[in-house]
Amino acid sequence: MSKVFIQGVINNIRAKSTPYTPIIEAITNAIDAIDKSGRNDGEIHIRIIRNPQFISTDDDNVANVTSVEISDNGIGFNKENRDSFDTIYSQLKRSIGGKGFGRFFYLRHFNDVHIESTFIEDNKYKHRSFDFGKQYDVIVNDKVSNLPRSSETGTILRLLNIKGVKLDKDPEIISHRILEQILSYFSDPEYVCPRIIFEDDALDIPIILNEQIGTQDDSLIQLKKSDIFIVNGIELRYKMFKILKPRNQKSKIILTARNQAVTEKSLDVYIPDFCSDFTEDVLVDGEKESRNYIIRFYVQGEYLEDNVTAERDSFNFGEKHDLVYPASVEDIEKAIAEIAKKEFEGVVSLRSKSKREKFEKYAQSNIWYKPYIDDIDFEAIKANPTQDDIELILHKAKYERDLEIKKNISQLTSRNRNYIEAQSNAKKLIREVKDASYSDLAQYIAFRKSILELFKKTLEWNDLGEYDTEKAVHDIIFPTKSDSNDTIYDGHNLWIIDEGLNLTQYLSSDKNIFNENKDRPDIAAFHYNVAYRDGSEASNPVSIFEFKRPGRNDFVDASSKEDPIQQIIRYVNSIRNGDYKTPKGSRIHISPTTPFYGYIVADVDNKVEKWLIEEKNLKSMPDNKGWFLIQDNINLRIEFVTWEKLLNDAVVRHRIFFEKLGLEG
């Protein structure tokens, strides 16, 4: 034949392959040679050759595989087979799906390939040996000699000196993976596969691959079902195998050609519940034993044989459906996935139920998601979802439901609506709106409960036996050094003090934004109108807050410059006198009747309580945890409350919500 640069051919192989690929190719050729010989006592020996320095059955110390030898008692390398080997894209095995290219995988993964064969030619037994060339000739060092006496035909193929990626070390894993790749030969009830023996010095006894397959429960690989199915008018056949001892492998769909795997796809791509092993209980010596297994679907058919590429790593038809070919890889895999789903309906149902229970448990703590549990397709969710997975899926379900509600409301209120149809849909829509509203309220109330728990922690001693700083508790209520221009509604928790404080026109927290001096309140709140009155009447109250760190009482000392009552009075007078301006620089309009509210939050001991009553003339509230003072001349009411009261009052206001939503405790 014309010369071809062999290494160039090998370098241009686009197929995804592993060191197992040339081994499977060699086994396939050996099976063909035995079939062609017509004998019914065919045998193939796979011999693993390891680094001779040491051999150990301990997987941590077992030597690497360096070479593999495959021998058979088939027809041998007669002239026809020799010439076919020497021809790229040989047509010799076209009738059985051969592409005349697979042997180039030998040199893709091994440095050297040597072949010895005994065959019959002109009624004489002959011996041939040659090497796989690496330059311009496929066959080099070809030697043929006559044998003096009758001998058994057959071939020994040696794949020598493995390159790069190594084979697995464990001989059982090697044999198992080889067997999985040639399962199609064992799936046809009308075909008897030659006896295949796996030999390795790391094994005490050889492994007979044929004996690993059967229909009994004790078989390592079990053929469970074989049937015909139709995809877009194309007739195909599948073989379903149950594989024990899967060793971290997954259930898969494998499309084959010439009884070799071409493409494979994990079943969990289509059915997430196939992500992990299945488990079954069996009786072993009268005792129950649990064992894991996976499922493999092998797909065969003329459509696959006719359209496999030369490298046998893909098909001429694409992954997705197109107008050229009637069926794509995805079409076939989806059909198998539906078959798998029906075959394992009970297991899939149990796993979906388990996932639903996880979602329901999550929703018990995140109750705003309860209305959306029934919207989830649990079969489409991967096995063993994490907390983050559950949160993301439920959040998406809520978003999609809310979006659908808005769309339905828009259609319901459209001028072009059908009145009768709108009336029939209104009841369902109202129920959906209620569910959505319940969810939003539940989420907000749960958020408030978390804030109150955090607030409670800041009022307790820390690990050093000290109270947190004033800033720590301040920031929970409203971030320091900020105002309502850079703090959104959800960014503060003024509701802890008073729900009415959420309705404000402007807020400033420990920020010198109103005037040029450094004197500023902890929080100043300018309220929206909460009731409509005659335009000439003052209706915008102003609230001012002062916080003192828990445990602190030095502000009552005569030398202290932080008397909170005097601070609030000073702020009120400054605002009334026009010393403060709006963020845009305009004057804040304060009338003589504008009401002012001052709030002081601090801890109270005997020293502070005496100061409040005897020196500041504050009146005690009924619970003796709060005191008040009214300054009529400037329309100011001051309340002095403890941190404990502030927290307890907030909890009491929310208790009914916590109970109704199952958040108590």
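Being farther than 25 Å from Lys334 by Cβ and in a strand (DSSP E or B) is the requirement here; does Ile205 meet it? Judged against the criteria, Ile205 is not a match.
For region 320-331, a tally of residues being part of a loop (DSSP other than H, G, I, E, B) and either more than 16 Å from Val299 (Cα to Cα) or touching a strand residue (DSSP E or B) at 6+ places or on another chain (Cβ under 8 Å) (or both) returns 8. The lone criterion from (1) touching an Asp or Glu at 6+ places or on another chain (Cβ under 6 Å); (2) on the phi > 0 side of the Ramachandran plot; (3) not in a strand (DSSP E or B) left unmet by Ile174 is number (2).
Number of residues in region 346-377 that are surrounded by 15 or more Cβ atoms within 10 Å (Cβ to Cβ), under 18 Å from Phe278 (Cβ atoms) and free of Cβ contacts under 8 Å to residues at least 60 places away in the same chain equals 1.
Each residue in region 149-182 was checked for being within 12 Å of Ile24 (Cα to Cα) and surrounded by fewer than 17 Cβ atoms within 10 Å (Cβ to Cβ), and 0 of them qualify.
Annotation: of all residues in region 110-138 being assigned to a strand (DSSP E or B) and of a type in the set (Ser, Thr, Tyr), the one that is surrounded by the fewest Cβ atoms within 10 Å (Cβ to Cβ) is Ser129. Regarding Phe317, is this residue among the aromatic types (Phe, Trp, Tyr), in contact with a Ser or Thr (Cβ under 6 Å, 6 or more places away or on another chain) and either in a helix (DSSP H, G or I) or surrounded by 18 or more Cβ atoms within 10 Å (Cβ to Cβ) (or both)? Taking the combined requirement at face value, the residue satisfies it. Taken over region 289-308, the residue count meeting the criterion of being assigned to a strand (DSSP E or B) and either among the aromatic types (Phe, Trp, Tyr) or over 10 Å from Thr256 (Cα atoms) (or both) is 10.
Within region 309-336, if we keep just the residues that are of a type in the set (A, V, I, L, M) and closer than 18 Å to Val262 by Cβ, the residue that is modelled with the lowest pLDDT turns out to be Ala310.
The values are calculated or read from the model by the stated rules, or taken from the named source; none is laboratory data. Please read all numbers here as calculations on a predicted model, not as lab measurements. Glycine gets a Cβ as well: all are built from the backbone with ideal geometry, and neighbour counts include every protein chain shown.
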